[in-house]
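S.K.: One structure, as structure tokens, below. Some questions next.
Since every read-out is calculated from the coordinates, none of them should be taken as a lab result. Please read all numbers here as calculations on a predicted model, not as lab measurements. Heads up, the Cβs are rebuilt from the backbone with ideal geometry, glycines too, and the neighbour counts pull from every protein chain shown.
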Amino acid sequence: MTFRLQRFRFQTWELLLCCLLFKGTLALSGNFWHITDLHWDPSYALGDDPKKVCASSGVRPAAQAGAFGDYACDSPWKLINSSVYAMKKFLPDPDFIVWTGDDTPHVPDRDLSQEAVLSIISNLTDAIKQVFPNTKVYSALGNHDYHPKSQLPGGPSVMYNQTALIWQHWLEPESRETFQKGGYYTEKLLNKTGFRILVLNTNLYYDRNLLTKDAEDPAGQFSWADRVLAEAAGHKEKVYVIGHVPPGVFEKRRNKPWYRPDFNRRYVDLIVKHHSVIAGQFFGHHHTDTFRMFYDSEGSPISTMFLSPGVTPWETTLPGVKNGANNPGIRIFEYDSQTLLVKDVVTYYLNLTHANAGWDRWEKEYRLTESFHVPDASPASMQRLLEGISTDRCRLQKYYQFNSVSYDLGECDAACRVDHVCSLREVDYDRYERCLVTEAASSGGGGSLPVLSVAASILFVLNQQ
Ligand SMILES: *[C@@H]1O[C@H](CO)[C@@H](O)[C@H](O)[C@H]1NC(C)=O
Ligand SMILES: *[C@@H]1O[C@H](CO)[C@@H](O)[C@H](O)[C@H]1NC(C)=O
Ligand SMILES: *[C@@H]1O[C@H](CO)[C@@H](O)[C@H](O)[C@H]1NC(C)=O
Ligand SMILES: *[C@@H]1O[C@H](CO)[C@@H](O)[C@H](O)[C@H]1NC(C)=O
Ligand SMILES: CC(=O)N[C@H]1CO[C@H](CO)[C@@H](O)[C@@H]1O
Ligand SMILES: [Zn+2]
Ligand SMILES: [Zn+2]
């Protein structure tokens, strides 16, 4: 009797203690949504001719077109709406939302205008605002959020002004000032002392941007960021950096960088110099699910850039990419609200084929710590994950499936492994080149890879003629 009573009391204590601990961890823990590359195509309409379903498919037929879209097309409104409501369903009250741009369809400039681009940005903004009326949104410009696309200027522009107006209820007054001058801004994260967010306009560094190609520091953004981060260190702040076009190289095609070389170098230097205050970098543009590592001069991992998957399923037209579509994805980051350390990453997705067949259910695709057996998403853990991807076939395959948001369930072969591992590891272009050589040499299987690439080069040359 007494024993049982004692035991019962003990359990009550246990329960109490447990509750207290649980409350403690809850208080330390926050979460936010990251969405990117929604690419709404207002022209999407089902019909008899698969080539006429959407303007964004170009000359490609939309062979599997359904209510939620097609892998050759950008998002119909139904998919946009569905993704925003899925956010509400899985996490209706996030601390904030990170939205990293690209709202308009992949169509020639002649089919858009300043007004058309602004109206698309405005419509998507309204959709997010309607579903999350009281949530702070940090919004970065993508290269498709401008007309003509990718030509974002390194100085004042009517479009920066108009976009600042569309986003004005999300912007502090001082943010609007820098936004009007260069499309970037910084604020205290959620207006809290000790926390900061840097919203960059890295479209200024994109090699397709002809307006900034001769500029040393377009819109003065680098020197501004350097100053803001130095001040952040002085104030003992922790900082998140968000933007659209990432530095480094695309992982789905060899040797495909985005930034001009000088800008790429300068970006890496900025992160290395200020890594002690930077708790995470969140970017888009790839439409794929991947990440990039940054190291100090001793080779220790010091920062991670998370590249979140896009909502649009649109198959890239970039020459040399095989199977370049993806399922629509959205993602929650869980973080330590005292340090901003990223603790976990949970990705949700819509199987587009399923959705079009009447099963429009967003589902959890994976949780980082569960699927890859890492304790958190710190730079050290992400480095461990990268080493796993590099050396373990199973991990590589898992990473590869998630990379396309479970669209491409095929095998990542030896050349594919090198492309992914080197782009994850080396943001610097020269180091990436060297990585290709050393990783190919360590790929094993003797001469099969060189023979294959020689064969591919010959085919390529033949094709050119
Ligand atoms: C958006 O999605 C919600 C939830 O599924 C649905 O109730 C609503 O009708 C949709 N609206 C549009 C315009 O598709
Ligand atoms: C943008 O707005 C600011 C403040 O209202 C104004 O001073 C500036 O001239 C505008 N710039 C352009 C390019 O329209
Ligand atoms: C941010 O905090 C300051 C004081 O810390 C306050 O004056 C200001 O109104 C706050 N801004 C918002 C948007 O809550
Ligand atoms: C998506 O749905 C299609 C059609 O039902 C199926 O073949 C495919 O395996 C599904 N993908 C995943 C990752 O479940
Ligand atoms: C919030 C909002 O204005 N959404 C509109 C965006 O455009 C689509 C398609 O025209 C409308 O259905 C939405 O109501
Ligand atoms: Zn995009
Ligand atoms: Zn982009």
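S.K.: Among DSSP bridges having both ends in region 262-308, what percentage is antiparallel? Round to the nearest 5.
M.R.: 65
S.K.: Let's see if you can work this out: charge +1 on each Lys and Arg Cβ, -1 on each Asp and Glu Cβ, no other charges. What is the dipole magnitude of region 230-277 about its Cα centre, in debye to the nearest 20?
M.R.: Using Cβ point charges on Lys, Arg, Asp and Glu, region 230-277 gives about 320 debye.
S.K.: List VAL199, VAL437 from most exposed to least, where exposure is judged by having the fewest other Cβ atoms within 10 Å.
M.R.: So the residues, fewest neighbours to most, are VAL437, VAL199.
S.K.: Can I ask one more? Where q = 0.23, 0.24, 0.34 Å⁻¹, what log10 of I(q)/I(0) comes from the Debye formula for region 381-422, counting one point per Cα?
M.R.: Per q value, in the given order, log10 I(q)/I(0) is -0.71, -0.77, -1.27.
S.K.: How much length would be gained if the chain were fully extended between HIS169 and SER223, taking 0.36 nm per residue of separation minus their Cα-Cα distance, in nm to one decimal?
M.R.: In short, 16.7 nm is gained.
S.K.: Rounded to the nearest 0.05, what FRET efficiency is calculated for LYS129 and ALA67 with R0 set to 22 Å and r the Cβ-Cβ distance?
M.R.: With R0 = 22 Å, the Cβ-Cβ based efficiency is 0.35.
S.K.: Further, regarding this structure: Can you give me the distance in nm between label points at VAL59 and ARG253, each placed 7 Å from the Cα along the Cα-to-Cβ direction?
M.R.: With each label point 7 Å from Cα toward Cβ, the separation is 1.7 nm.
S.K.: On to the next question. Please report the antiparallel percentage of the DSSP beta bridges confined to region 208-312, to the nearest 5.
M.R.: So the antiparallel bridges in region 208-312 amount to around 50 percent.
S.K.: Moving on to the next point. For the chain, give the share of DSSP beta bridges that are antiparallel, in percent and rounded to the nearest 5; count only bridges with both residues there.
M.R.: Counting DSSP beta bridges with both partners in the chain, the antiparallel share is about 60 percent.
S.K.: Here's something else I'd like to know. Determine the gain in length on full extension of the stretch GLU411-SER113; use 0.36 nm per residue of separation and subtract their C-alpha separation, reporting nm with one decimal.
M.R.: This chain segment gains 103.1 nm when fully extended.
S.K.: Next question, about the same structure. Taking other Cβ within 10 Å of each residue's Cβ, how do ASP95, ASP37 sort, fewest first?
M.R.: Fewest to most other Cβ atoms nearby, the residues stand as ASP95, ASP37.
S.K.: Could I ask something else about it? How much length would be gained if the chain were fully extended between ASP296 and LEU318, taking 0.36 nm per residue of separation minus their Cα-Cα distance, in nm to one decimal?
M.R.: 4.7 nm
S.K.: At 222 nm, what helix-only mean residue ellipticity would the chain give, in deg cm²/dmol to the nearest 500, using -39500 (n - 2.57) for each DSSP H run of four or more?
M.R.: Result for the chain, helices only: -12500 deg cm²/dmol.
S.K.: For the chain, what is the charge dipole size about the Cα centre, in debye to the nearest 20, if Lys and Arg each add +1 at the Cβ and Asp and Glu each add -1 at the Cβ?
M.R.: 980
S.K.: Just to compare against my own numbers: the Cα pair-distance distribution for region 28-462, 20 Å bins, whole % per bin, please.
M.R.: Per 20 Å bin, starting at 0, the Cα pair percentages come out as 27, 61, 12, 0.
S.K.: Also, I was wondering about something else. Please give, to one decimal in nm, the separation of the simple spin-label points placed at HIS373 and ALA45, each 7 Å out from Cα toward the Cβ.
M.R.: My value for the distance between the label points is 5.4 nm.
S.K.: Using DSSP H assignments, which helices in the chain have an axial alpha-carbon span of 30 Å or above and a mean Kyte-Doolittle hydropathy of -1.0 or higher?
M.R.: 2-28
S.K.: Also: Could you give the radius of gyration (one decimal) and Dmax (whole number) of the Cα atoms in region 262-401, in Å?
M.R.: Looking at region 262-401, its Cα Rg and Dmax stand at 16.4, 53 Å.
S.K.: Assuming 0.692 mPa s and 37 °C, estimate D for region 176-240 with Stokes-Einstein, Rh taken as the Kirkwood radius over Cα pairs, in µm²/s.
M.R.: Estimated via Stokes-Einstein, D reaches 259 µm²/s.
S.K.: Continuing with this model, one more query. Rounded to whole Å, give me the distance from the Cα center of region 68-145 to that of region 258-272.
M.R.: 28
S.K.: Mind checking which aspartates and glutamates have their C-alpha under 20 Å from LYS51, skipping anything on the same chain fewer than 8 residues away?
M.R.: By straight Cα distance, LYS51 reaches ASP41, ASP70, ASP74, ASP109, ASP111, GLU315.
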